[in-house]
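Quick notes on the structure that follows.
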Amino acid sequence: MQPNESPTYISRYRLKARKFLNAVSARTSFDGVLIRIDDGYGCIHPWPELGDPPLEKCLADLAGARRWPIVRRAIRCAEYDRAARQFEHSLFEEMEVPQSHATLVGMNAAELGRAMEAGFSTVKLKAGRDPQAEMKFLDEMSGEFPSLRWRLDFNESLTPDAAVDFITGLGDKTRAAMDFVEDPCPYSDSSWRALHQKARVPLAVDREASTQSSAAQVMVIKPAIDEPFLLAEAAIAHRQKVVLTSYMDHPVGQTFAAWEAARLGLQFPGLPGLCGLQTHHLFEPDAFTEYLGPWSPEFTVPAGHGLGFDDLLDALPWTRLH
(Lines give C-alpha, C1' and ligand atoms only; values in the text may rest on other atoms or scores of the structure.)
Protein backbone atom coordinates (compact mmCIF):
# COMPACT_ATOMS: atom_id res chain seq x y z
CA MET A 1 0.00 0.00 0.00
CA GLN A 2 1.29 3.41 -0.96
CA PRO A 3 1.79 6.06 1.74
CA ASN A 4 -1.48 7.90 2.57
CA GLU A 5 -3.49 5.37 0.55
CA SER A 6 -6.59 4.20 2.37
CA PRO A 7 -7.09 0.49 3.03
CA THR A 8 -9.50 -1.36 0.76
CA TYR A 9 -12.08 -3.81 2.06
CA ILE A 10 -14.16 -6.27 0.08
CA SER A 11 -17.32 -8.26 0.65
CA ARG A 12 -17.99 -11.12 -1.74
CA TYR A 13 -21.45 -11.86 -3.10
CA ARG A 14 -23.12 -14.34 -5.43
CA LEU A 15 -26.13 -13.50 -7.56
CA LYS A 16 -28.43 -16.26 -8.79
CA ALA A 17 -30.04 -15.52 -12.14
CA ARG A 18 -33.52 -16.82 -12.86
CA LYS A 19 -32.44 -17.80 -16.41
CA PHE A 20 -29.49 -17.56 -18.80
CA LEU A 21 -28.88 -13.83 -19.21
CA ASN A 22 -27.54 -13.53 -22.76
CA ALA A 23 -26.39 -15.44 -25.84
CA VAL A 24 -22.74 -15.71 -24.77
CA SER A 25 -23.12 -16.87 -21.17
CA ALA A 26 -24.11 -20.33 -19.94
CA ARG A 27 -23.98 -19.31 -16.27
CA THR A 28 -26.78 -18.66 -13.82
CA SER A 29 -24.47 -17.98 -10.85
CA PHE A 30 -22.44 -14.77 -10.76
CA ASP A 31 -19.72 -13.89 -8.26
CA GLY A 32 -18.60 -10.35 -7.56
CA VAL A 33 -17.45 -8.11 -4.75
CA LEU A 34 -18.54 -4.92 -3.13
CA ILE A 35 -15.62 -2.69 -2.22
CA ARG A 36 -15.26 -0.20 0.64
CA ILE A 37 -12.67 2.58 0.62
CA ASP A 38 -12.91 5.31 3.28
CA ASP A 39 -16.54 4.35 3.88
CA GLY A 40 -17.42 4.76 0.22
CA TYR A 41 -18.81 1.76 -1.65
CA GLY A 42 -18.52 0.36 -5.16
CA CYS A 43 -19.12 -2.86 -7.08
CA ILE A 44 -16.91 -5.12 -9.22
CA HIS A 45 -18.97 -7.60 -11.22
CA PRO A 46 -16.88 -8.97 -14.09
CA TRP A 47 -18.22 -10.62 -17.22
CA PRO A 48 -15.29 -12.66 -18.60
CA GLU A 49 -17.58 -13.75 -21.46
CA LEU A 50 -17.63 -10.11 -22.56
CA GLY A 51 -13.93 -9.45 -22.16
CA ASP A 52 -13.51 -8.61 -18.49
CA PRO A 53 -10.72 -10.20 -16.44
CA PRO A 54 -11.92 -12.91 -14.02
CA LEU A 55 -12.83 -11.80 -10.52
CA GLU A 56 -9.57 -12.86 -8.89
CA LYS A 57 -7.58 -10.90 -11.47
CA CYS A 58 -9.77 -7.90 -10.77
CA LEU A 59 -8.97 -8.21 -7.07
CA ALA A 60 -5.25 -8.48 -7.79
CA ASP A 61 -5.52 -5.34 -9.91
CA LEU A 62 -7.51 -3.59 -7.18
CA ALA A 63 -4.72 -4.39 -4.72
CA GLY A 64 -2.03 -3.30 -7.17
CA ALA A 65 -1.83 -1.28 -10.35
CA ARG A 66 -5.57 -0.59 -10.82
CA ARG A 67 -5.33 -0.65 -14.62
CA TRP A 68 -8.59 -2.36 -15.59
CA PRO A 69 -11.54 -0.07 -16.41
CA ILE A 70 -13.94 -2.17 -14.33
CA VAL A 71 -11.68 -1.72 -11.29
CA ARG A 72 -11.07 1.98 -11.85
CA ARG A 73 -14.79 2.65 -12.27
CA ALA A 74 -15.60 0.81 -9.01
CA ILE A 75 -13.04 3.00 -7.23
CA ARG A 76 -14.58 6.11 -8.79
CA CYS A 77 -18.00 4.95 -7.61
CA ALA A 78 -16.63 4.59 -4.07
CA GLU A 79 -15.18 8.11 -4.24
CA TYR A 80 -18.51 9.68 -5.22
CA ASP A 81 -20.37 7.59 -2.66
CA ARG A 82 -17.94 8.49 0.13
CA ALA A 83 -18.20 12.23 -0.58
CA ALA A 84 -21.99 12.15 -0.22
CA ARG A 85 -21.89 9.98 2.91
CA GLN A 86 -19.45 12.36 4.59
CA PHE A 87 -22.09 15.10 4.33
CA GLU A 88 -24.92 12.67 5.11
CA HIS A 89 -26.55 13.33 1.75
CA SER A 90 -28.03 11.03 -0.87
CA LEU A 91 -26.27 11.20 -4.21
CA PHE A 92 -29.70 11.47 -5.80
CA GLU A 93 -30.76 14.74 -4.19
CA GLU A 94 -32.31 16.98 -6.88
CA MET A 95 -31.57 14.31 -9.49
CA GLU A 96 -33.99 12.74 -11.96
CA VAL A 97 -33.24 9.20 -13.10
CA PRO A 98 -34.36 8.41 -16.69
CA GLN A 99 -36.98 5.74 -17.20
CA SER A 100 -35.99 2.28 -18.42
CA HIS A 101 -36.97 -0.39 -20.90
CA ALA A 102 -37.92 -3.87 -19.71
CA THR A 103 -35.12 -6.39 -20.11
CA LEU A 104 -36.24 -9.89 -21.10
CA VAL A 105 -33.71 -12.71 -21.38
CA GLY A 106 -35.95 -15.20 -23.16
CA MET A 107 -39.03 -15.68 -25.30
CA ASN A 108 -41.71 -15.58 -22.64
CA ALA A 109 -45.10 -14.20 -23.60
CA ALA A 110 -46.32 -14.21 -19.99
CA GLU A 111 -43.33 -12.15 -18.84
CA LEU A 112 -43.86 -9.78 -21.74
CA GLY A 113 -47.44 -9.35 -20.61
CA ARG A 114 -46.24 -8.55 -17.09
CA ALA A 115 -43.90 -5.92 -18.52
CA MET A 116 -46.81 -4.28 -20.30
CA GLU A 117 -48.90 -4.37 -17.12
CA ALA A 118 -46.01 -2.75 -15.23
CA GLY A 119 -46.10 0.18 -17.65
CA PHE A 120 -43.10 -0.48 -19.89
CA SER A 121 -43.35 0.96 -23.39
CA THR A 122 -40.19 -0.67 -24.74
CA VAL A 123 -38.74 -4.14 -24.31
CA LYS A 124 -35.13 -5.17 -24.75
CA LEU A 125 -34.87 -8.84 -25.68
CA LYS A 126 -31.61 -10.71 -25.20
CA ALA A 127 -31.42 -12.55 -28.51
CA GLY A 128 -29.12 -14.85 -30.43
CA ARG A 129 -29.64 -18.25 -28.83
CA ASP A 130 -32.28 -19.39 -31.33
CA PRO A 131 -32.65 -16.80 -34.11
CA GLN A 132 -35.38 -18.58 -36.05
CA ALA A 133 -37.57 -19.01 -32.99
CA GLU A 134 -36.85 -15.43 -31.94
CA MET A 135 -37.98 -14.09 -35.32
CA LYS A 136 -41.27 -15.95 -34.99
CA PHE A 137 -41.72 -14.75 -31.40
CA LEU A 138 -41.07 -11.12 -32.32
CA ASP A 139 -43.54 -11.17 -35.22
CA GLU A 140 -46.20 -12.80 -33.05
CA MET A 141 -45.72 -10.42 -30.13
CA SER A 142 -45.59 -7.37 -32.42
CA GLY A 143 -49.00 -8.37 -33.68
CA GLU A 144 -50.35 -8.87 -30.16
CA PHE A 145 -48.80 -5.68 -28.74
CA PRO A 146 -48.69 -3.24 -31.68
CA SER A 147 -47.75 -0.23 -29.54
CA LEU A 148 -44.66 -1.91 -28.09
CA ARG A 149 -41.18 -0.81 -29.14
CA TRP A 150 -38.37 -3.37 -29.37
CA ARG A 151 -34.65 -3.38 -28.66
CA LEU A 152 -32.65 -6.51 -29.49
CA ASP A 153 -29.26 -7.35 -27.99
CA PHE A 154 -27.23 -10.10 -29.68
CA ASN A 155 -23.95 -9.62 -27.77
CA GLU A 156 -22.10 -9.89 -31.12
CA SER A 157 -23.30 -13.50 -31.55
CA LEU A 158 -24.17 -13.23 -35.27
CA THR A 159 -22.11 -12.77 -38.42
CA PRO A 160 -22.85 -9.67 -40.52
CA ASP A 161 -24.69 -11.81 -43.10
CA ALA A 162 -26.72 -13.56 -40.41
CA ALA A 163 -27.61 -10.20 -38.89
CA VAL A 164 -28.91 -8.97 -42.26
CA ASP A 165 -30.92 -12.17 -42.72
CA PHE A 166 -32.44 -11.87 -39.25
CA ILE A 167 -33.48 -8.23 -39.51
CA THR A 168 -34.76 -8.37 -43.08
CA GLY A 169 -36.57 -11.63 -42.27
CA LEU A 170 -38.78 -9.91 -39.72
CA GLY A 171 -42.24 -8.76 -40.70
CA ASP A 172 -42.69 -5.16 -41.83
CA LYS A 173 -44.62 -4.19 -38.67
CA THR A 174 -41.93 -5.73 -36.45
CA ARG A 175 -39.14 -3.86 -38.23
CA ALA A 176 -41.12 -0.63 -37.96
CA ALA A 177 -41.38 -1.21 -34.19
CA MET A 178 -37.62 -1.78 -33.85
CA ASP A 179 -36.04 0.90 -31.67
CA PHE A 180 -32.54 -0.49 -32.30
CA VAL A 181 -30.52 -3.68 -32.69
CA GLU A 182 -27.58 -3.80 -30.29
CA ASP A 183 -24.28 -5.53 -31.09
CA PRO A 184 -25.71 -7.77 -33.82
CA CYS A 185 -22.16 -8.77 -34.83
CA PRO A 186 -18.61 -7.69 -33.95
CA TYR A 187 -18.18 -3.99 -34.61
CA SER A 188 -16.29 -2.56 -37.55
CA ASP A 189 -17.00 0.68 -39.37
CA SER A 190 -17.32 -0.98 -42.77
CA SER A 191 -19.47 -3.98 -41.80
CA TRP A 192 -21.85 -1.89 -39.67
CA ARG A 193 -22.31 0.78 -42.34
CA ALA A 194 -23.17 -1.95 -44.83
CA LEU A 195 -25.49 -3.64 -42.32
CA HIS A 196 -27.33 -0.42 -41.60
CA GLN A 197 -27.76 0.29 -45.30
CA LYS A 198 -29.25 -3.17 -45.89
CA ALA A 199 -31.28 -3.60 -42.70
CA ARG A 200 -32.56 -0.03 -42.36
CA VAL A 201 -32.89 -0.18 -38.57
CA PRO A 202 -30.78 1.75 -36.03
CA LEU A 203 -27.74 -0.11 -34.72
CA ALA A 204 -26.49 0.31 -31.15
CA VAL A 205 -22.87 -0.25 -30.17
CA ASP A 206 -22.17 -1.54 -26.67
CA ARG A 207 -19.28 -3.97 -26.36
CA GLU A 208 -16.99 -1.95 -28.63
CA ALA A 209 -18.38 1.44 -27.63
CA SER A 210 -15.67 4.05 -27.98
CA THR A 211 -15.17 7.60 -29.14
CA GLN A 212 -14.49 6.17 -32.63
CA SER A 213 -17.66 4.03 -32.98
CA SER A 214 -19.18 6.36 -35.54
CA ALA A 215 -20.99 3.73 -37.65
CA ALA A 216 -23.59 3.16 -34.93
CA GLN A 217 -26.73 5.24 -34.53
CA VAL A 218 -26.94 4.60 -30.78
CA MET A 219 -24.21 4.66 -28.13
CA VAL A 220 -24.75 2.32 -25.18
CA ILE A 221 -22.87 3.45 -22.07
CA LYS A 222 -22.27 1.15 -19.11
CA PRO A 223 -21.00 3.17 -16.12
CA ALA A 224 -19.57 -0.01 -14.57
CA ILE A 225 -16.80 0.02 -17.19
CA ASP A 226 -17.26 3.24 -19.22
CA GLU A 227 -16.58 6.90 -18.51
CA PRO A 228 -20.02 8.35 -19.38
CA PHE A 229 -18.97 11.93 -20.11
CA LEU A 230 -16.25 10.88 -22.54
CA LEU A 231 -18.59 8.68 -24.58
CA ALA A 232 -21.45 11.18 -24.34
CA GLU A 233 -19.34 13.93 -25.90
CA ALA A 234 -18.37 11.54 -28.71
CA ALA A 235 -22.02 10.58 -29.21
CA ILE A 236 -22.98 14.24 -29.56
CA ALA A 237 -20.25 14.71 -32.15
CA HIS A 238 -21.49 11.66 -34.09
CA ARG A 239 -25.17 12.64 -33.66
CA GLN A 240 -25.90 9.40 -31.87
CA LYS A 241 -28.60 8.66 -29.35
CA VAL A 242 -27.39 7.68 -25.88
CA VAL A 243 -28.64 4.87 -23.65
CA LEU A 244 -27.15 4.06 -20.24
CA THR A 245 -27.51 0.57 -18.83
CA SER A 246 -26.61 -1.39 -15.75
CA TYR A 247 -24.03 -4.16 -16.00
CA MET A 248 -26.57 -6.75 -14.85
CA ASP A 249 -24.71 -6.56 -11.58
CA HIS A 250 -25.30 -6.11 -7.85
CA PRO A 251 -27.94 -3.53 -6.84
CA VAL A 252 -25.12 -1.24 -5.65
CA GLY A 253 -23.66 -1.27 -9.17
CA GLN A 254 -27.12 -0.91 -10.68
CA THR A 255 -27.74 2.15 -8.52
CA PHE A 256 -24.42 3.68 -9.56
CA ALA A 257 -25.47 3.33 -13.21
CA ALA A 258 -28.78 5.03 -12.41
CA TRP A 259 -26.98 7.93 -10.71
CA GLU A 260 -24.59 8.34 -13.65
CA ALA A 261 -27.59 8.42 -15.99
CA ALA A 262 -29.19 11.16 -13.90
CA ARG A 263 -25.92 13.08 -13.69
CA LEU A 264 -25.40 12.88 -17.45
CA GLY A 265 -28.91 14.25 -17.93
CA LEU A 266 -27.97 17.29 -15.86
CA GLN A 267 -24.81 17.91 -17.87
CA PHE A 268 -26.43 17.24 -21.27
CA PRO A 269 -30.18 17.89 -20.92
CA GLY A 270 -32.23 15.52 -23.04
CA LEU A 271 -29.27 13.40 -24.14
CA PRO A 272 -29.89 10.18 -22.22
CA GLY A 273 -32.88 8.49 -23.78
CA LEU A 274 -34.89 5.60 -22.40
CA CYS A 275 -32.29 3.64 -20.44
CA GLY A 276 -31.72 0.09 -19.21
CA LEU A 277 -31.34 0.53 -15.46
CA GLN A 278 -33.89 -2.00 -14.23
CA THR A 279 -32.25 -5.43 -14.10
CA HIS A 280 -32.64 -6.60 -10.49
CA HIS A 281 -35.69 -8.65 -11.50
CA LEU A 282 -33.39 -10.98 -13.47
CA PHE A 283 -31.98 -12.39 -10.22
CA GLU A 284 -33.35 -14.19 -7.20
CA PRO A 285 -34.50 -11.54 -4.70
CA ASP A 286 -32.50 -10.59 -1.63
CA ALA A 287 -32.40 -7.74 0.89
CA PHE A 288 -30.63 -5.43 -1.59
CA THR A 289 -33.05 -6.03 -4.45
CA GLU A 290 -35.94 -5.32 -2.08
CA TYR A 291 -34.61 -1.76 -1.70
CA LEU A 292 -35.04 -1.24 -5.45
CA GLY A 293 -38.76 -1.89 -5.32
CA PRO A 294 -41.01 -3.48 -7.94
CA TRP A 295 -40.12 -3.96 -11.58
CA SER A 296 -41.24 -0.79 -13.36
CA PRO A 297 -39.96 1.86 -15.80
CA GLU A 298 -39.24 4.21 -12.86
CA PHE A 299 -36.08 3.67 -10.84
CA THR A 300 -36.63 3.44 -7.08
CA VAL A 301 -33.82 5.28 -5.31
CA PRO A 302 -32.61 3.27 -2.29
CA ALA A 303 -33.00 5.02 1.04
CA GLY A 304 -29.86 6.20 2.80
CA HIS A 305 -26.78 8.30 2.21
CA GLY A 306 -24.59 8.17 -0.90
CA LEU A 307 -25.98 5.40 -3.08
CA GLY A 308 -28.13 4.16 -0.17
CA PHE A 309 -28.41 0.69 1.41
CA ASP A 310 -26.79 2.02 4.63
CA ASP A 311 -27.90 -0.65 7.09
CA LEU A 312 -27.35 -3.52 4.64
CA LEU A 313 -23.82 -2.39 3.82
CA ASP A 314 -22.96 -1.93 7.51
CA ALA A 315 -24.10 -5.47 8.25
CA LEU A 316 -21.96 -7.18 5.60
CA PRO A 317 -18.78 -9.08 6.47
CA TRP A 318 -15.79 -7.06 5.24
CA THR A 319 -12.30 -8.40 4.62
CA ARG A 320 -9.29 -6.13 4.27
CA LEU A 321 -7.69 -6.53 0.84
CA HIS A 322 -4.54 -4.52 1.61
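Quick rundown of the values:
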{"read-out": "Conditions (1) open to solvent by 30 Å² or more (accessible area, probe 1.4 Å); (2) in contact with a helix residue (DSSP H, G or I) (Cβ under 6 Å, 6 or more places away or on another chain): number failed by residue 292", "value": "(1)"}
{"read-out": "From 253, 273, 265, residue being touching a helix residue (DSSP H, G or I) at 6+ places or on another chain (Cβ under 9 Å) and either farther than 21 Å from residue 75 by Cβ or among the small types (Gly, Ala, Ser) (or both)", "value": "253"}
{"read-out": "Unique residue being closer than 27 Å to residue 53 by Cα, of a type in the set (Phe, Trp, Tyr), modelled with pLDDT of 95 or more and open to solvent by 40 Å² or more (accessible area, probe 1.4 Å) when the list is 259, 318", "value": "318"}
{"read-out": "Any chance residue 287 is open to solvent by 20 Å² or more (accessible area, probe 1.4 Å) and in contact with a Leu (Cβ under 9 Å, 6 or more places away or on another chain)", "value": "yes"}
{"read-out": "Residue within the range 249-266 that is free of Cβ contacts under 8 Å to residues at least 60 places away in the same chain, not aromatic (Phe, Trp, Tyr) and not in a helix (DSSP H, G or I) present", "value": "no"}
{"read-out": "Subset of the range 150-164 (residues that are of a type in the set (D, E, K, R) and either crowded, with 17+ Cβ neighbours inside 10 Å or in contact (Cβ under 8 Å) with a residue 40 or more places away in the chain (or both))", "value": "151, 153, 156"}
{"read-out": "Of all residues making up the range 194-212, the number that are more than 18 Å from the chain's Cα centre (by Cα) and either open to solvent by less than 20 Å² (accessible area, probe 1.4 Å) or closer than 22 Å to residue 131 by Cα (or both)", "value": "9"}
{"read-out": "Enumeration of residues in the range 172-193 that are surrounded by fewer than 15 Cβ atoms within 10 Å (Cβ to Cβ), touching a residue at least 12 places away in the same chain (Cβ under 8 Å) and within 21 Å of residue 133 (Cβ to Cβ)", "value": "173"}
{"read-out": "From the options 302, 294, 285, residue that is over 24 Å from residue 52 (Cβ atoms), part of a loop (DSSP other than H, G, I, E, B), at pLDDT 95 or above and of a type outside the set (S, T, N, Q)", "value": "302"}
{"read-out": "Listing of helices (runs of 4 or more DSSP H) fully contained in the range 29-133 that carry 3 or more residues being under 30 Å from residue 149 (Cα atoms) and open to solvent by less than 10 Å² (accessible area, probe 1.4 Å)", "value": "none"}
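The values are calculated or read from the model by the stated rules, or taken from the named source; none is laboratory data. Small disclaimer: the values here were computed from a predicted structure and weren't measured. With ideal geometry, Cβ positions are generated from the backbone for all residues, glycine too; neighbour counts draw on all protein chains shown. With ligands, DNA and RNA removed, areas are computed over all heavy atoms of the protein, side chains included. Shrake-Rupley method; radii C 1.70, N 1.55, O 1.52, S 1.80 Å.
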